[in-house]
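The values are calculated or read from the model by the stated rules, or taken from the named source; none is laboratory data. Owing to the predicted nature of the structure, the values given are computational and were not obtained by experimental measurement. No Cβ is skipped: glycine too gets one built from the backbone with ideal geometry, and neighbour counts run over all protein chains shown. To get the accessible areas, we keep the full protein, side chains included, count just its heavy atoms, and leave off ligands, DNA and RNA. Shrake-Rupley method; radii C 1.70, N 1.55, O 1.52, S 1.80 Å.
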Amino acid sequence: MNKSAFITGITGQDGAYLAQLLLSKGYKVSGLLARRSSDTLWRLRHLGIGNDVQLVDGDITDLSSLIRIIEQSKADEIYNLAAQSFVGTSWSQPLLTGNVTGLGAVNVLEAMRIVNPTARFYQASTSEMFGLIQEAVQSEQTPFYPRSPYGAAKLYAHWMTVNYRESFGLHTSSGILFNHESPLRGIEFVTRKVTDAAARIKLGLQTELRLGNIDVKRDWGFAGDYVEAMWLMLQQERGDDFVIATGKTTTVREMCRIAFDHLGLDADKHVVIDSALFRPAEVDVLLGNPGKAQQKLGWQARTSLQTLITTMVDADMGRLSK
Ligand code: NAP
Ligand code: G4F
């Protein structure tokens with residue numbers, strides 16, 4: 001019999017790629033659809049899977065809807081990707097972020113424990129939990145030091161995932177994923193903001209790009225590679241925690257240069273530093289060690305930053321030229 005999976009956050013970047021991957025493996029895929037006034041199904045349509053997944057109304061902050069949905073779905077695998085995932089917004093909406101990103105994960109864990117305890121659970125943890133880094137290269141052993149309400153909410157969800165594994169013997173795994181991007185990335189995140197702006201400047205639709213701190217460094221990979229790691233974690237005999245990263249780090253400044261160069265533009269002529277876009281506390285550098293994932297899951301990142309960013313620029317050029 002085919003396996004079934006339930007994804008919270010299915011309308012987001014990772015949810016769409018994960019749904020596509022699971023469908024390609026023959027899974028029956030359902031996902032949580034939080035009611036919104038604007039169109040949130042564009043990513044699933046973009047991947048051509050809008051009609052292949054079953055969407056169920058509910059909200060991650062509503063335990064009763066999750067109990068009903070998880071009971072009905074009888075899923076073998078539950079992926080919790082739903083979150084208020086934009087770090088910048090977490091300072092202006094700390095309580096919402098705590099509710100959705102932190103407590104929301106525990107709602108899913110609790111619903112699973114009550115009505116489907118044999119399912120396997122994936123939690124979308126994050127390198128933001130390392131925050132003010134305590135080691136130059138971050139691994140599963142590196143102590144956490146979150147620097148934003150988002151990072152703190154994710155850390156709570158992370159420890160609850162570990163706690164449900166140790167307290168109740170549930171098969172729960174936590175993927176500590178470093179930044180991953182794609183043409184389906186939300187426009188508020190810096191890579192997509194840059195690739196969209198470079199395309200607009202090339203097409204004469206705008207002249208400048210306003211950014212905050214461009215000296216920060218991130219370990220950026222491709223979302224399509226990273227959802228494979230999520231799936232691999234749930235195929236292991238036991239739940240565990242894994243860092244998922246490329247092992248390379250690059251400044252925002254250099255990432256901009258790649259995007260602008262690709263279109264024959266000079267980033268220095270268009271980027272304007274805007275102090276209003278600096279964050280109250282910054283995560284200056286992230287660099288992950290994916291050694292455990294490579295050894296135990298056989299996973300490694302396949303897409304270079306150059307390929308990732310130029311693909312995103314091309315996708316934005318295509319969208320805007322239409
Ligand atoms: P994303 O594009 O922002 O997607 C977030 C998803 O959560 C969307 O489907 C959104 O629904 C849903 N959501 C938000 N509030 C909800 C609520 N109250 N109830 C139900 N659903 C809700 O994020 P992503 O980049 O795909 O990331 C997926 C997960 O991985 C997130 O938890 C993120 O924090 C985490 N993560 C991401 C990265 C990264 O670099 N991308 C790295 C580490 C960890 P709508 O579409 O309706 O808004
Ligand atoms: O693209 P960002 O907004 O991503 P950030 O804050 O690293 O968070 C992303 O990755 C996390 C994993 O580490 C996820 F957990 C999280 O959900 C999200 O997907 O910003 C990257 C860096 C930051 O240091 C930011 O200060 O870029 C800097 N930056 C400089 N100017 C900017 C801008 N970021 C944004 N969004 N917009 C700017 O104008």
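The residue pairs whose first member lies in the stretch 77-96 and is among the β-branched types (Val, Ile, Thr), whose second member is surrounded by fewer than 15 Cβ atoms within 10 Å (Cβ to Cβ), and whose beta carbons are closer than 9 Å, counting only pairs six or more residues apart or on different chains, are Thr89/Glu188.
Looking at the stretch 19-29, is at least one residue on the phi < 0 side of the Ramachandran plot and without any contact (Cβ under 8 Å) to a residue 12 or more places away in the chain? Yes, some residue in the stretch 19-29 is on the phi < 0 side of the Ramachandran plot and without any contact (Cβ under 8 Å) to a residue 12 or more places away in the chain.
For the stretch 166-218, taking the residues that are near ligand 1 (Cβ under 10 Å from one of its atoms) and assigned to a loop (DSSP other than H, G, I, E, B), the one that is farthest from Gly131 (Cα to Cα) is identified as Leu184.
Considering the conditions (1) outside any loop (DSSP other than H, G, I, E, B); (2) touching a helix residue (DSSP H, G or I) at 6+ places or on another chain (Cβ under 7 Å), Ala152 is excluded by exactly one of them, (2). Comparison of Leu203, Leu277, Leu265 shows that the only residue that is open to solvent by less than 40 Å² (accessible area, probe 1.4 Å) and at pLDDT 95 or above is Leu265. The numbered conditions (1) surrounded by 17 or more Cβ atoms within 10 Å (Cβ to Cβ); (2) within 9 Å of ligand 1 (Cβ to nearest atom); (3) free of Cβ contacts under 8 Å to residues at least 40 places away in the same chain; (4) not basic (Lys, Arg) are all true for Gly9 except (3).
Filtering the stretch 65-100 to residues that are assigned to a helix (DSSP H, G or I) and farther than 23 Å from Val53 by Cβ leaves Val87, Gly88, Thr89, Ser90, Trp91, Ser92, Pro94, Leu95, Leu96, Thr97, Gly98, Asn99.
The number of residues in the stretch 264-306 being away from ligand 2 (no atom under 14 Å from the Cβ) and either under 19 Å from Lys202 (Cα atoms) or touching a Leu at 6+ places or on another chain (Cβ under 7 Å) (or both) comes to 8.
Screening the stretch 219-234 for residues that are open to solvent by less than 20 Å² (accessible area, probe 1.4 Å) and among the aliphatic types (A, V, I, L, M) and picking the one that is nearest to ligand 1 (Cβ to nearest atom) gives Ala223. Scanning the stretch 123-134 for residues that are over 12 Å from Tyr164 (Cα atoms) and either within 9 Å of ligand 1 (Cβ to nearest atom) or not in a loop (DSSP other than H, G, I, E, B) (or both) yields a count of 6.
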